[in-house]
Amino acid sequence: MLEALTGTGLAASAGLNAYIPLLTMGLLARYTEVIQLPSGWQWISNGWVLAILAVLLVIEVVADKVPVVDHVNDVVQTVVRPTAGGLAFGAGSGAETVTVSDPGAFFGSSQWVPVAIGVLIALGVHGLKAAARPVINAGTAGLGAPVASTAEDATSVVFSLAAILLPVLVLLFLLAVPLLVLWVVRRRRRRRAERQAAREARSPAPPARHA
């Protein structure tokens, strides 16, 4: 079960930022003994791969903090984040960590299963993020974009580390997801109602009829 929580945390992290979980795993695997990647995923700790991930991370961090640009970035990341989530779940669920000593036993020989699960998890988190950002931007005239983006990046880092070091904490995230979905839905309905009321207020009143 811990393997699944590790993979889930890393995939969810990728839904917020595609590169943070992969970079976290790669750095920890290359420079520490905290995580041992399975043989098919050791390329993540390659020096060139880490350098490329670091550059992509910088671009992502900057682009996601600029209103309008963040929306374009979210459109592009609709493919990138689920892909990263699949890679992160596949590598994380098959790795040996400080809490997981027998990672191969959970998924057995079906190696495509964790990748597919990771894609779906990351896609779901990315969808929530992409839906919430326009609401935040509209409600704050764009000033909330860098704040929200910074919070998302920090959450991605925390999730990545928690998934590797203490995967039980991922359960808290799973419990928080329904609350986040409810908040996004209510905010979107409220904004829709406000726009409708504003349009009705601007509409000219019909001319009075004389007897």
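How many residues are surrounded by 15 or more Cβ atoms within 10 Å (Cβ to Cβ) and out of contact with any strand residue (DSSP E or B) (no Cβ under 7 Å at 6 or more places or on another chain) if we restrict to segment 162-176? Show your work before the answer.
At the first step, the residues of segment 162-176 found to be surrounded by 15 or more Cβ atoms within 10 Å (Cβ to Cβ) are 162-167, 169-170, 173.
If we keep only those that are out of contact with any strand residue (DSSP E or B) (no Cβ under 7 Å at 6 or more places or on another chain) as well, we get 162-163, 165-167, 169-170, 173.
So the count comes out to 8.
Exactly one condition in (1) modelled with pLDDT under 80; (2) open to solvent by less than 80 Å² (accessible area, probe 1.4 Å) is not met by Ser149; state its number.
Condition not satisfied by Ser149: (1).
Evaluate the following for Ala29: is it open to solvent by less than 20 Å² (accessible area, probe 1.4 Å) and of a type outside the set (Asp, Glu)? Write out each step before concluding.
Details: open to solvent by less than 20 Å² (accessible area, probe 1.4 Å): no; of a type outside the set (Asp, Glu): yes.
So Ala29 fails the test.
Restricting segment 1-48 to residues that are assigned to a loop (DSSP other than H, G, I, E, B) and polar (S, T, N, Q), which is farthest from Val119 (Cα to Cα)?
Initial filter on segment 1-48 (assigned to a loop (DSSP other than H, G, I, E, B)): 1, 17-19, 32-34, 37-38, 46.
Subset that is polar (S, T, N, Q): 17, 32, 46.
On the way: Asn17: 13, Thr32: 27, Asn46: 23 Å.
Step by step, filter segment 1-48, then rank; the result is Thr32.
Taking the conditions exactly as written (in contact with a Lys or Arg (Cβ under 9 Å, 6 or more places away or on another chain), touching a residue at least 40 places away in the same chain (Cβ under 8 Å) and within 20 Å of Val158 (Cβ to Cβ)), does Ala12 satisfy them or not?
On the way: in contact with a Lys or Arg (Cβ under 9 Å, 6 or more places away or on another chain): no; touching a residue at least 40 places away in the same chain (Cβ under 8 Å): yes; within 20 Å of Val158 (Cβ to Cβ): yes.
Against the criterion (in contact with a Lys or Arg (Cβ under 9 Å, 6 or more places away or on another chain), touching a residue at least 40 places away in the same chain (Cβ under 8 Å) and within 20 Å of Val158 (Cβ to Cβ)), Ala12 does not qualify.
The values are calculated or read from the model by the stated rules, or taken from the named source; none is laboratory data. No experiment lies behind these values; they were computed from the predicted model shown. We place every Cβ from the backbone using ideal geometry, glycine too, and count neighbours over all the protein chains shown. The area values use the complete protein model at the heavy-atom level, side chains included, leaving out ligands, DNA and RNA. Shrake-Rupley method; radii C 1.70, N 1.55, O 1.52, S 1.80 Å.
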